[in-house]
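What follows is calculated from the coordinates using simple rules that are stated; it is not laboratory data. Not measured: the values here are computed from a predicted model. Reconstructed Cβ throughout: ideal geometry from the backbone, glycine too, with neighbour counts over all protein chains shown.
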Amino acid sequence: MKVPFCRVVCAGNEARYVKEVLDSGWLTTAGKCLEFEKRFAAEVGGKFAVAVNSATAALHLALEALGIGPGDEVLVPTLTFTATAEVVRYLGADPVLVDTEYGTGLITAPIIEQALQTHEKAKAVMVVHFAGQAADMPAILEVCRPRGVRVVEDAAHAFPTRCAGRMIGGWGDITCFSFYANKTITTGEGGMFVTEDEALARRARVMRLHGIDRDIWNRFTDGRPSWEYDVVAAGFKYNLPDLAAAVGLAQLEQAHEFRRQRQAVAEHYFKSLGDLPGVDLPVVHGAAEDHAWHFFWLVLGSKARRNRNAFIDGLIERGIGFSVHYRPLHHMTYYRDRYRLEARRFPNAERHWQGCVTLPVFPSMTAEELEYVTGVVRELLG
């Protein structure tokens with residue numbers, strides 16, 4: 001049997017909404033994008049949502065809107081995708097890499113507090129909600145707010161996710177979501193910038209489209225001549241086309257069912273793999289229903305039956321897709337050499353990285369596929 005790492009599900013109104021866009025003759029940012037923004041903001045409990053062409057763009061716009069610039073420092077967990085740190089460098093600022101909690105991969109309030117003792121001038125922290133589980137936002141804000149440290153949430157893994165009874169999307173200054181093809185909902189490529197601050201949302205809207213003071217859709221619908229606009233900043237090209245937004249709207253309608261189906265996969269893994277010797281499963285702090293279950297990983301320790309490479313070889317031979325989340329940023333040549341980083345400074349991320357393997361989790365995973373994966377894992381590690 002072949003089981004992919006991820007399989008995109010488009011079983012709702014995707015084709016219908018895309019056809020509506022095609023029939024309209026307007027394919028770029030327009031009415032479907034505006035509707036997607038409004039519905040997504042309502043879903044996560046945010047006041048303002050700005051659709052963009054990637055989560056990386058949203059993160060970049062977030063730091064730019066907060067005034068991060070050359071010479072500034074931003075705390076970034078080392079266990080994340082490079083986008084979380086690279087956007088700091090886009091603006092000439094420096095990422096300060098910090099460790100994460102073992103078992104969850106999350107940045108925590110004590111980790112942030114310790115880092116701020118040696119980086120007192122840090123202006124912001126990037127909080128990554130790892131694998132679909134929320135970081136402890138009340139505790140993190142308690143550390144950051146009194147110090148004036150701005151909080152950007154990287155929620156690329158975290159829709160729909162809850163923290164302390166509230167959806168991720170309205171805790172920090174800005175929250176950034178991803179709709180990449182393997183995410184919990186997808187537009188193919190896409191992202192969302194969400195904030196409670198109208199001024200930050202206004203800045204993001206201007207900067208996502210060349211620094212022009214009017215969105216192109218408004219330029220053709222508000223009665224003023226379309227050529228009559230101003231460029232108020234040196235902006236970027238980050239807008240989300242209506243074709244992508246149409247897919248996003250249909251995916252949004254299915255989001256909670258998708259989450260429930262991913263949770264069922266994760267629960268099966270916990271039940272079937274929890275007794276494997278020398279293997280650690282993810283630690284979940286809250287209710288299973290609050291977790292988006294974007295990823296499910298195993299960490300193979302020194303007492304596991306096989307090391308990670310041998311285990312991966314076994315998965316490949318048996319046709320099972322997998323990934324590794326993540327090789328920490330302090331191991332990446334650019335960050336390691338530029339900031340002279342040593343692995344011993346990140347013991348928890350190191351422990352995770354040295355043995356982690358991510359198993360398939362997707363909504364359309366069949367019972368047969370799930371039993372096959374767990375059977376192979378037990379064969380290799382049991």
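For the chain, excluding the exposed loop sites themselves (GluC sites (Glu not before Pro), DSSP loop, at most 13 other Cβ atoms within 10 Å), the longest remaining stretch covers 1-119.
In which sequence would Cys176, Cys10 go, from the one with the fewest C-beta neighbours within 10 Å to the one with the most?
Values: Cys176 33, Cys10 13.
With the fewest neighbours first, Cys176, Cys10 line up as Cys10, Cys176.
Taking 0.36 nm per residue of sequence separation and subtracting the Cα-Cα distance, how much length would be gained by fully extending the chain between Ala233 and Glu379, in nm to one decimal?
Details: separation 146, 0.36 × 146 = 52.56 nm, distance 5.88 nm.
Fully extending the segment from Ala233 to Glu379 adds 46.7 nm.
Would you work out if region 1-103 is rounded, prolate or oblate? Take a ≥ b ≥ c from the square roots of the eigenvalues of the alpha-carbon gyration tensor; rounded if a/c is under 1.5, else prolate when a/b is larger than b/c, oblate otherwise. Don't skip to the answer; put the middle values down first.
Values: a/c = 2.49, a/b = 1.50, b/c = 1.66.
Here region 1-103 falls in the oblate category.
Count Lys and Arg as plus one, Asp and Glu as minus one, and take only other residues whose Cβ is under 14 Å from that of Gly278; the net charge is then +4. Computed over the chain with a Gaussian network model linking Cα atoms closer than 10 Å, the most mobile of Trp26, Trp293, Trp353 is Trp26.
Of Asp197, Asp99, Asp242, which has the largest mean-square fluctuation in a 10 Å C-alpha GNM of the chain? Among Asp197, Asp99, Asp242, the largest mean-square fluctuation in the Gaussian network model of the chain belongs to Asp197. Each residue of region 38-51 was assigned a 3J(HN,Hα) from its phi angle through the Karplus expression (A = 6.51, B = -1.76, C = 1.60, θ = phi - 60°), giving 5, 5, 5, 4, 5, 5, 9, x, x, 7, 10, 10, 10, 7 Hz with x at Gly and Pro. Under the rule of -39500 (n - 2.57) per DSSP H run of 4 or more residues, summed and divided by the residues of the chain, what mean residue ellipticity at 222 nm is obtained, to the nearest 500 deg cm²/dmol? Taking each H run of at least 4 residues, the total per residue is -11500 deg cm²/dmol. Taking 0.36 nm per residue of sequence separation and removing the Cα-Cα distance, the Ala264/Asp213 pair yields an extension gain of 13.7 nm. Sequence-ordered 3J(HN,Hα) estimates for region 4-12 from the Karplus curve with 6.51, -1.76 and 1.60 and θ = phi - 60° stand at x, 5, 8, 9, 6, 10, 10, 10, x Hz, glycine and proline given as x. Annotation: amide H of His294 within the under-5 Å range of Gly132, sequence separation 5 or more or interchain, hydrogens built in the peptide plane.
Tell me the chymotrypsin sites (Phe, Trp or Tyr not before Pro) within region 258-288 that lie in a loop according to DSSP and have at most 16 other beta-carbon atoms within 10 Å.
none
The trypsin sites (Lys or Arg not before Pro) of region 289-382 meeting both criteria, a DSSP state outside H, G, I, E and B (loop) and at most 11 other C-beta atoms within 10 angstrom of the site's C-beta, are Lys303, Arg340.
Which value results when the Cα radius of gyration for region 256-381 is divided by 2.2 N^0.38 Å? The partial results should precede the final answer.
On the way: Rg = 15.7 Å, N = 126, 2.2 N^0.38 = 13.8 Å.
With N residues counted in region 256-381, Rg over 2.2 N^0.38 Å equals 1.14.
Each of Asp275, Asp136 was scored by other Cβ atoms within 10 Å of its Cβ. Arranged with the fewest first, they read Asp275, Asp136. Subtracting the Cα-Cα distance of Leu22 and Arg336 from their residue separation scaled by 0.36 nm leaves 108.4 nm.
State which entries of Lys2/Lys303; Lys183/Lys303; Lys32/Lys271; Lys19/Lys271 exceed 31 angstrom in Cα-Cα distance in the structure shown. Present the calculation step by step, with values, prior to reporting the outcome.
On the way: Lys2/Lys303 29 Å; Lys183/Lys303 33 Å; Lys32/Lys271 42 Å; Lys19/Lys271 43 Å.
In this structure, Lys183/Lys303; Lys32/Lys271; Lys19/Lys271 exceed 31 Å between Cα atoms.
Axis of helix 198-207 versus longest Cα principal axis of the chain: the two differ by about 90°, to the nearest ten degrees. On a 0 to 90 degree scale, rounded to 10, what angle separates helix 308-317 from the longest Cα axis of the chain? The two axes meet at around 80 degrees. Just checking the listed ones, Pro110, Pro363, Pro77: in the Gaussian network model of the chain with Cα springs under 10 Å, the one fluctuating most is Pro110. With θ taken as phi - 60° and the Karplus curve 6.51 cos²θ - 1.76 cosθ + 1.60 applied, the whole-hertz 3J(HN,Hα) list for region 261-268 is 5, 5, 4, 4, 5, 4, 5, 5 Hz, x standing for glycine and proline. Between 0 and 90 degrees, rounded to the nearest ten: what's the tilt of helix 14-24 against the longest Cα principal axis of the chain? So the helix axis and the longest Cα principal axis differ by about 20 degrees.
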